[in-house]
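Heads up: the structure comes next, in structure tokens.
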Amino acid sequence: MREADRRAALIPDPDLVRAAIYEREIQASLERVWENVHDWEHLPWLHSEAFSAIDLQEAGDWGWRATVAMGREARAEIELVTDPAAGHYVARTRAGAGAPSEIWTRLDPLAPHRTAIHVEFRVQPMPEDALRQLGQGYVSLYTLLWNQDEEMMRIREAALAERAGRSGGQGGEDGPETISLGSLALLRPKLPWVFGYGGHRFRLVEEGGELIAHAMECPHMLGPLGDCSVEDGILECPWHGYRFDIRSGESADGRSLRLRPAPRVTLDPETGEVIVSRHGSA
Ligand code: FES
Ligand SMILES: [Fe+2]
């Protein structure tokens, strides 16, 4: 988007009226919130109740423009334009369901991990009752969306902090080469089972009769992989839907991303114990 268009997009449409205001605090840093605002890709995954698909037209440091599907039928052209210096952004529905409308959001950092948000929903003029009802609908939808976003941001912030701690020398890759997870007979009813190895957590699953360990963090944006179901050896990250082969760790949709290498899992034929060892070790 050209700078002149961006400036024009940051002027409220004077023909629209306020339907509602929504305010809350988010337990995440301003940086995380801006990252989330630019992250168009998570809409149909993290917010699958509200959005069913997204088709990006353009994105840049100014924001993004996309066609968004809601349910089976409804489509809307949405343009999100940011003004980081002024601490706000607008999501404008330009065509399709809900057009024309504007959702203006102001962000105020309160503390390193606390950000206040102030959202104003602006729509076409309509009778007062209808306006109030529409406003209430927006507020309940945005309560859900921001709850989901806040959880994502908090998990990501914690994962980033853990990673920084690790690279700062706390928590190591060291530890025994080989560990036992106990007897398969006792472990099997508890699968999937999460265990620590070499300073990281992995999840043990049984897939086609084979015991396989896989990383708990998505290599894209550190999304949590601990609750994903695995189908035909493929898991799907809940944040943006990227898919990975748990045997090889490779992307199952052609991306240059791969899961953190997981340790090898074998069964001791004499003791019946599940043994976890470094790849390549005997
Ligand atoms: S964090 Fe984006 S797909 Fe997993
Ligand atoms: Fe979101």
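The values are calculated or read from the model by the stated rules, or taken from the named source; none is laboratory data. Quantities reported herein were computed from a predicted structural model and do not represent experimental measurements. Reconstructed Cβ throughout: ideal geometry from the backbone, glycine too, with neighbour counts over all protein chains shown.
A quick yes/no check of all residues on (1) in the same structural domain as A59 (by TED's automatic domain parsing); (2) in contact (Cβ under 8 Å) with a residue 40 or more places away in the chain; (3) on the phi > 0 side of the Ramachandran plot; (4) away from ligand 2 (no atom under 15 Å from the Cβ):
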{"residue": "E79", "(1), (2), (3), (4)": "yes, yes, no, yes"}
{"residue": "Y89", "(1), (2), (3), (4)": "yes, yes, no, no"}
{"residue": "Q124", "(1), (2), (3), (4)": "yes, yes, no, yes"}
{"residue": "D129", "(1), (2), (3), (4)": "yes, no, no, yes"}
{"residue": "Q136", "(1), (2), (3), (4)": "yes, yes, no, yes"}
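Restricting attention to region 239-255 and to residues that are small (G, A, S) and buried (at least 16 other Cβ atoms within 10 Å of the Cβ), the residue that is farthest from I155 (Cα to Cα) turns out to be A252. Within region 86-105, is there a residue that is in contact with a Pro (Cβ under 9 Å, 6 or more places away or on another chain), closer than 20 Å to R6 by Cβ, more than 16 Å from ligand 1 (Cβ to nearest atom) and of a type in the set (S, T, Y)? Yes, region 86-105 contains a residue that is in contact with a Pro (Cβ under 9 Å, 6 or more places away or on another chain), closer than 20 Å to R6 by Cβ, more than 16 Å from ligand 1 (Cβ to nearest atom) and of a type in the set (S, T, Y).
Could you tell me whether region 19-29 includes any residue that is exposed (fewer than 15 other Cβ atoms within 10 Å of the Cβ), hydrophobic (A, V, I, L, M, F, W, C) and modelled with pLDDT of 95 or more? Within region 19-29, one or more residues are exposed (fewer than 15 other Cβ atoms within 10 Å of the Cβ), hydrophobic (A, V, I, L, M, F, W, C) and modelled with pLDDT of 95 or more.
Quick one: which of D55, D13 is without any contact (Cβ under 8 Å) to a residue 40 or more places away in the chain and either in the same structural domain as D129 (by TED's automatic domain parsing) or in contact with an Asp or Glu (Cβ under 8 Å, 6 or more places away or on another chain) (or both)?
Details: D13 fails: without any contact (Cβ under 8 Å) to a residue 40 or more places away in the chain.
The match here is D55.
W239 meets each of the listed conditions (1) within 16 Å of ligand 2 (Cβ to nearest atom); (2) more than 18 Å from the chain's Cα centre (by Cα) apart from (2).
Within the span defined as region 19-42, one or more residues are in a strand (DSSP E or B), within 12 Å of ligand 2 (Cβ to nearest atom) and not polar (S, T, N, Q).
Within region 237-255, residues that are outside the structural domain of E217 (by TED's automatic domain parsing) and under 23 Å from S52 (Cβ atoms) have Cβ atoms under 6 Å from residues that are among the small types (G, A, S) and surrounded by 14 or more Cβ atoms within 10 Å (Cβ to Cβ) in no pair, counting only partners at least 6 apart in sequence or on another chain.
Looking at L211, L204, L187, which one is modelled with pLDDT of 90 or more and more than 18 Å from R260 (Cα to Cα)? Give the derivation first.
Working: L211 fails: more than 18 Å from R260 (Cα to Cα); L204 fails: more than 18 Å from R260 (Cα to Cα).
Unique residue meeting the criteria: L187.
Do we find a residue being hydrophobic (A, V, I, L, M, F, W, C), more than 16 Å from ligand 2 (Cβ to nearest atom), within 30 Å of S277 (Cα to Cα) and not assigned by TED's automatic domain parsing to the domain that holds P238 anywhere in region 147-155? Even if it seems obvious, please write down each step before you answer.
Here is the first cut: in region 147-155, the residues hydrophobic (A, V, I, L, M, F, W, C) are 152-153, 155.
Filter once more, so that each one left must be more than 16 Å from ligand 2 (Cβ to nearest atom): none.
No: region 147-155 contains no residue that is hydrophobic (A, V, I, L, M, F, W, C), more than 16 Å from ligand 2 (Cβ to nearest atom), within 30 Å of S277 (Cα to Cα) and not assigned by TED's automatic domain parsing to the domain that holds P238.
Do any strands (runs of 3 or more DSSP E) entirely within region 164-253 hold 1 or more residues that are charged (D, E, K, R) and within 14 Å of ligand 1 (Cβ to nearest atom), and if so, which? Step through it out loud before you land on a result.
On the way: elements: 178-183, 193-197, 200-207, 210-215, 234-236, 243-245.
Once the strands (runs of 3 or more DSSP E) in region 164-253 are filtered for at least 1 residues that are charged (D, E, K, R) and within 14 Å of ligand 1 (Cβ to nearest atom), what remains is 234-236, 243-245.
Does A130 qualify as being in a helix (DSSP H, G or I) and within 16 Å of ligand 1 (Cβ to nearest atom)? Judged against the criteria, A130 is not a match. Out of S277, S183, one residue alone is more than 30 Å from E41 (Cβ to Cβ) and in contact with a Ser or Thr (Cβ under 7 Å, 6 or more places away or on another chain). It is S277. Residues that are closer than 16 Å to E150 by Cα and not in a loop (DSSP other than H, G, I, E, B) within region 45-63 comprise W45, L46, listed in sequence order. Can E270 be described as among the charged types (D, E, K, R) and assigned to a strand (DSSP E or B)? The answer is no for E270. When restricted to residues that are in contact (Cβ under 8 Å) with a residue 12 or more places away in the chain and either within 12 Å of ligand 2 (Cβ to nearest atom) or of a type in the set (D, E) (or both), region 157-167 contains 1.
Of the residues examined, E41 is one that is within 22 Å of the chain's Cα centre (by Cα), buried (at least 18 other Cβ atoms within 10 Å of the Cβ), of a type in the set (D, E) and at pLDDT 95 or above.
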